[in-house]
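Engineer: The structure that follows is given in the form of structure tokens.
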Amino acid sequence: MTMRIVETELAGVVVVEPDVYTDERGFLVVSFNEREFAAAGLPGHFAQDNHSRSVSRVIRALHFQAGTPQGKLVTTITGEIFDVAVDVRVGSPTFGKWTAVTLRASEPRYLWIPPGFAHGFAVLSDVADVVYKCTTVFEPDGQSGILWNDPAIGIPWPIANPILSAPDRIRPTLSDMLDVLPRYVP
């Protein structure tokens with residue numbers, strides 16, 4: 001596997017662009033190689049894989065795990081999403097800042113979101129299958145999130161009138177979560 005690492009506006013959040021091998025049959029992508037990830041400073045071990053399917057206009061946001069923060073390696077295998085990472089580490093120089101990339105199944109690439117960042121995405125296609133590797137297992141008691149349209153964060157979501165889960169409609173703002181957010185360690 002050969003891959004390129006593309007930095008984003010937030011230190012530690014990177015786009016992983018693997019080589020795509022195509023021929024008349026289709027394509028092959030090596031989505032994870034422990035040795036190459038470790039050489040690039042990315043995790044070499046993941047504890048859980050997730051797969052979500054969402055329909056057009058869904059926003060799943062902005063989730064994080066309190067207590068045991070998760071890093072996530074995100075891609076889409078069907079459709080297209082606007083994928084967002086928000087730095088929620090209290091004391092970080094980029095606290096409350098966000099970055100986003102569009103991930104398309106037709107252009108295989110991955111967004112690495114380190115522990116200490118909230119994650120969310122908006123579905124831009126009729127349907128999207130999103131798969132992601134997590135550095136820790138899901139802990140139901142640690143499940144948390146921030147209001148998807150918190151004005152202090154200011155994400156310009158590319159969807160009007162999104163479909164949201166009941167919890168995502170009423171989550172607290174970032175400033176209301178300071179006591180449960182992870183702390184920045186330089």
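The values are calculated or read from the model by the stated rules, or taken from the named source; none is laboratory data. Please read all numbers here as calculations on a predicted model, not as lab measurements. Glycine gets a Cβ as well: all are built from the backbone with ideal geometry, and neighbour counts include every protein chain shown.
One line per residue, one yes/no per condition, for (1) under 17 Å from the mean Cα position of the chain (by Cα); (2) modelled with pLDDT of 95 or more:
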{"position": "M3", "(1), (2)": "no, no"}
{"position": "V15", "(1), (2)": "yes, yes"}
{"position": "Y21", "(1), (2)": "no, no"}
{"position": "S52", "(1), (2)": "yes, yes"}
{"position": "S56", "(1), (2)": "no, yes"}
{"position": "L62", "(1), (2)": "yes, yes"}
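Engineer: Which of the residues spanning the range 109-129 are under 10 Å from the mean Cα position of the chain (by Cα) and hydrophobic (A, V, I, L, M, F, W, C)?
Structural biologist: So in the range 109-129, the residues under 10 Å from the mean Cα position of the chain (by Cα) come out as 110-114, 117-121.
Result: L111, W112, I113, F117, A118, F121.
Engineer: Mind checking which residues of the range 85-105 are within 24 Å of V20 (Cβ to Cβ) and either outside any loop (DSSP other than H, G, I, E, B) or at pLDDT below 95 (or both)?
Structural biologist: If we filter the range 85-105 for residues that are within 24 Å of V20 (Cβ to Cβ), which is where we start, we get 85, 99-105.
Those that are within 24 Å of V20 (Cβ to Cβ) and either outside any loop (DSSP other than H, G, I, E, B) or at pLDDT below 95 (or both): A85, T99, A100, V101, T102, L103, R104.
Engineer: Restricting attention to the range 139-186, report how many residues are farther than 21 Å from P115 by Cα and among the aromatic types (F, W, Y).
Structural biologist: 1
Engineer: Can you pull out the residues in the range 124-145 that are buried (at least 20 other Cβ atoms within 10 Å of the Cβ) and either closer than 12 Å to I81 by Cβ or basic (K, R) (or both)?
Structural biologist: A128, V130, Y132, K133, listed by residue number.
Engineer: Another question, if that's okay. Count, please, the residues in the range 38-73 that happen to be closer than 21 Å to V16 by Cα and of a type in the set (S, T, N, Q).
Structural biologist: 4
Engineer: Could you figure out which of (1) crowded, with 20+ Cβ neighbours inside 10 Å; (2) at positive phi isn't true of W148?
Structural biologist: Checking W148 against (1) crowded, with 20+ Cβ neighbours inside 10 Å; (2) at positive phi, the one that fails is (2).
Engineer: Show the residue pairs meeting these rules: Cβ distance below 8 Å; 6+ apart or different chains; first residue within the range 32-58 and farther than 16 Å from V123 by Cβ and without any contact (Cβ under 8 Å) to a residue 24 or more places away in the chain; second residue loosely packed, with under 13 Cβ neighbours inside 10 Å and basic (K, R).
Structural biologist: Listed by first residue and then by second, the contacts come to G44/R35.
Engineer: Do you know which residues across the range 110-169 are part of a strand (DSSP E or B) and basic (K, R)?
Structural biologist: The first filter runs over the range 110-169 and keeps only residues part of a strand (DSSP E or B), leaving 110-113, 117-123, 127-134, 143-145, 163.
Result: K133, single match.
Engineer: Let me ask another. Residues of the range 144-167 being under 18 Å from Q70 (Cβ atoms) and either small (G, A, S) or in contact with a Pro (Cβ under 9 Å, 6 or more places away or on another chain) (or both), which ones?
Structural biologist: Just the residues of the range 144-167 that are under 18 Å from Q70 (Cβ atoms), to begin with: 144-146, 167.
S144, G145, I146 - these are the residues of the range 144-167 that are under 18 Å from Q70 (Cβ atoms) and either small (G, A, S) or in contact with a Pro (Cβ under 9 Å, 6 or more places away or on another chain) (or both).
Engineer: Shifting gears a bit: Give me the pairs: first residue in the range 1-30 and loosely packed, with under 12 Cβ neighbours inside 10 Å, second residue among the acidic types (D, E), beta-carbon distance under 6 Å, and six or more apart or on different chains, which are they?
Structural biologist: The qualifying pairs are T2/D19.
Engineer: So how many residues does the range 34-93 have that are surrounded by fewer than 20 Cβ atoms within 10 Å (Cβ to Cβ), in contact with a helix residue (DSSP H, G or I) (Cβ under 6 Å, 6 or more places away or on another chain) and of a type in the set (S, T, N, Q)?
Structural biologist: Matching residues across the range 34-93 total 1.
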